[in-house]
Amino acid sequence: MRGIREGGCSCGAARYQMDLTDAETGNCHCRDCQKQSGAPFATVITVKADQFKWLKQPEGETSVSDAAIRRFCNKCGTPLQWCGVDYTDIANINMTTLDDTSGIDIVYEIYTRSRVAGILPVKGAAQSMAGYADLK
Ligand SMILES: [Zn+2]
Ligand SMILES: [Zn+2]
């Protein structure tokens, strides 16, 4: 999992580029991610802030808690970015919005206490009932 990749929303109004050299990817099963993604969990890819850039930044912005701002495409609704107020040095992007998701391993899962019934743990991925900090 190396090199520069691009991604974006369904309609193409939002586009980004990121360097995956030091990227880490995990599934977040928190209730906010479930509701925002409309799926059992969100798969989030994290890089240092300077390894990510918007080519066309989405205009949609929302906040469902004090912890973060979420960016989405206001034209097609695709959820794209989670910006934690305490994590301005990193960029968290919904991994499945990459144009090419091949070869990316899920290395951790967080907020597994709200894992949807029937969704099994990813084999070999670190597991935390709570947040990312608990894995360290
Ligand atoms: Zn769009
Ligand atoms: Zn979450």
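Each residue in the stretch 1-18 was checked for being assigned to a strand (DSSP E or B), touching a residue at least 40 places away in the same chain (Cβ under 8 Å) and more than 16 Å from ligand 1 (Cβ to nearest atom), and 2 pass. Check the stretch 54-62 and report whether any residue there is surrounded by 13 or more Cβ atoms within 10 Å (Cβ to Cβ), of a type in the set (D, E) and out of contact with any Pro (no Cβ under 6 Å at 6 or more places or on another chain). Yes. Among all residue pairs at least 6 apart or on different chains, which show Cβ distances below 6 Å where the first residue, located in the stretch 91-120, is touching a residue at least 24 places away in the same chain (Cβ under 8 Å) and of a type outside the set (D, E, K, R) and the second is outside any helix (DSSP H, G or I) and within 16 Å of ligand 1 (Cβ to nearest atom)? That search, which allows pairs on different chains as well, returns I93/Q81; N94/P79; N94/L80; T97/G7; T97/L80; L98/G7. Listed by position, the strands (runs of 3 or more DSSP E) inside the stretch 58-136 whose residues that are under 26 Å from A13 (Cα atoms) number at least 3 are 60-65, 68-72, 79-84, 90-94. Exactly one residue among L80, L98 is away from ligand 2 (no atom under 15 Å from the Cβ), under 13 Å from the mean Cα position of the chain (by Cα) and not hydroxyl-bearing (S, T, Y), and that residue is L98. With respect to K35, determine if the residue is surrounded by fewer than 13 Cβ atoms within 10 Å (Cβ to Cβ) and basic (K, R). Answer is yes for this residue. Restricting the stretch 20-57 to residues that are part of a helix (DSSP H, G or I) and among the polar types (S, T, N, Q), the residue that is nearest to A125 (Cα to Cα) is Q34. Taking first residues from the stretch 42-60 that are farther than 16 Å from P79 by Cβ and partners that are part of a loop (DSSP other than H, G, I, E, B) and acidic (D, E), the Cβ contacts under 9 Å between residues at least 6 apart in sequence or on separate chains come to V47/D22; K48/D22; K48/D89; A49/D89; D50/D89; Q51/D22. Restricting the first member to the stretch 19-41 and to residues that are of a type in the set (G, A, S), and the second to residues that are at pLDDT below 95 and more than 16 Å from ligand 1 (Cβ to nearest atom), the beta-carbon pairs closer than 7 Å and six or more apart or on different chains are A23/M1. Of all residues in the stretch 11-32, one or more are under 18 Å from V107 (Cβ atoms) and loosely packed, with under 13 Cβ neighbours inside 10 Å.
The values are calculated or read from the model by the stated rules, or taken from the named source; none is laboratory data. Model, not experiment: these values are computed from the prediction. Backbone-built Cβ (ideal geometry, glycine too); neighbour counts: all protein chains shown.
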